[in-house]
Amino acid sequence: MIDLVMTDEVKAALAAGRPVVALESTIVAHGFPRPDNLAVGQALEQAVRDGGAVPATIAVLDGRPQIGLTPAGLDRLANAPDVVKVSTRDLGHLLATRGNGATTVAATMVLAARAGIRVFATGGIGGVHPAQPGHPPDISADLAELARTRVAVVCAGAKSILDLPATLEMLETLGVPVIGYGTDAFPAFHARESGLRVGQRVDDAATMAAVLHAQDGLGLVCGTLVCNPPPAEAAVTRDVLDGWVAAALAEAQAQGVKGAKVTPFLLAALDRLSGGHSKTVNLALAKSNARVAAAIAAAYAAQ
Ligand code: PSU
Ligand code: MN
């Protein structure tokens, strides 16, 4: 077995059965521009602590999976020039070649599950990208991972740059539970509503933890999507959002952006087109998700 490098704090919490929340690292290395991104990573860890759990930011450094980062490790993740975006299929090669990687939702789920962490917070998951004429379908590996790895992912839905109806259908096809946390709506990341509904609604952390225990008891191996709408004071309306997204997609198409570069390109374009507001919403919702994840992890550990 590959060794997981854990911080002392994470190791002690897991050994004692205390709540731990996994955090992804692509959002730090590639989701927010420098120099703000280090502060984003720190803020997410603080939000998990404020919610009563231990944060475990997950990444790969020198080919070794990190479950929890030291301050120096987080700094490296945010600022080193050679940190690649790593999804599940990239992990083996990155480990074997001793590379540095920021893990997507999918790769973070894999490593969290290996470490025995049941709850994970992110901003928004990847999903089905809008069809582009002449291009094959682009569907994030986050969806496949949610179908086969037992980690609950607290998010504000799928990123608003995606085809949300198609993403929701794919989650249904894959058998992934999609649960609204205090809402019946499937959030649209920057907006609290997408016009789509979730499968079920849960209003408190204890019930959410009970759902996870019930899934464990059935031996289900899939993940769970816990959809927490963005905080009302930061969220934008769907009309505003639709305008930003249409413009960002048009830029990506005009420039022929493809593959793993699509998501970071669109997030950067959205931020420019929104005059920086997109980033403000992204940070507010990621912190909110970290707090909710901490509450669910605490309730899960207590049951
Ligand atoms: N949401 C954000 N910022 C991000 C991402 C999501 O607000 O940087 C990242 C996540 O790590 C997610 C990834 O797993 O984008 C999806 O990329 P792709 O579509 O290439 O699978
Ligand atoms: Mn893709």
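A few comments on the model shown:
- Set 11/261; 159/287; 258/287; 85/258 screened for pairs whose C-alpha atoms are more than 25 Å apart: 11/261; 258/287
- Estimated from helices alone, the mean residue ellipticity of the chain at 222 nm is -14500 deg cm²/dmol (sum of -39500 (n - 2.57) over DSSP H runs with n ≥ 4, per residue).
- Counting only DSSP beta bridges whose two residues both lie in the stretch 69-211, roughly 25 percent are antiparallel.
- Taken one residue at a time, the phi angles of the stretch 202-216 give Karplus couplings (6.51, -1.76, 1.60, θ = phi - 60°) of 10, 10, 8, 5, 5, 5, 4, 5, 5, 4, 5, 5, 5, 5, 4 Hz. Gly and Pro are set to x.
- Cα-Cα P(r), the stretch 30-93, percent of pairs per 10 Å interval: 20, 52, 26, 2
- Nonlocal amide H pairs with residue 21, under 5 Å, H built at 1.01 Å: 54, 56
- Accessible carbon and sulfur surface of the stretch 97-191 relative to its total accessible area, %, 1.4 Å: 53
- Whole-Å distance, taken between Cα centres, linking the stretch 227-299 and the stretch 85-145: 17
- Per-residue Karplus couplings for the stretch 185-191, computed as 6.51 cos²θ - 1.76 cosθ + 1.60 with θ equal to phi - 60°, are listed in order as 8, 7, x, 10, 6, 6, 10 Hz, Gly and Pro entered as x.
- Spherically averaged projected area in nm², based on the convex hull that wraps the Cα atoms of the stretch 53-184: 9.5
- Close amide H pairs (under 5 Å, H built 1.01 Å from N) link residue 183 with 202, residues at least 5 positions away or on another chain.
- The chain - Rg over Rh from alpha carbon coordinates, Kirkwood radius: 0.94
- For residue 128, distant residues with modelled amide H under 5 Å away: 140, 163, 167
- Of all DSSP beta bridges in the chain, antiparallel share, percent nearest 5: 25
- Relative to the 2.2 N^0.38 Å rule of thumb, the stretch 1-56 has a C-alpha radius of gyration ratio of 1.26.
- Cα convex hull, the stretch 153-218: 82 Å³ per residue, rounded to a whole number.
- Surface per residue (accessible, 1.4 Å probe) for the chain, Å²: 41
- Whole-Hz ³J(HN,Hα) from phi, Karplus 6.51 cos²θ - 1.76 cosθ + 1.60, for the stretch 223-240, glycine and proline x: x, 9, 9, 9, 9, 10, x, x, x, 4, 6, 9, 4, 10, 6, 5, 4, 4
- Taking the protein heavy atoms of the stretch 246-303 in the context of the full set of protein chains, the accessible area attributed to carbon and sulfur is 60 percent at 1.4 Å.
- Sorting the Cα pairs of the stretch 159-303 by distance into bins of 10 Å, from 0 upward, gives 11, 36, 34, 16, 4, 0 percent per bin.
The values are calculated or read from the model by the stated rules, or taken from the named source; none is laboratory data. Just so it is clear, the structure is predicted and the values come from calculations on it, not from any experiment. Accessible surface is based on the protein model in full, side chains and every heavy atom, while ligands, DNA and RNA are left aside. Shrake-Rupley method; radii C 1.70, N 1.55, O 1.52, S 1.80 Å.
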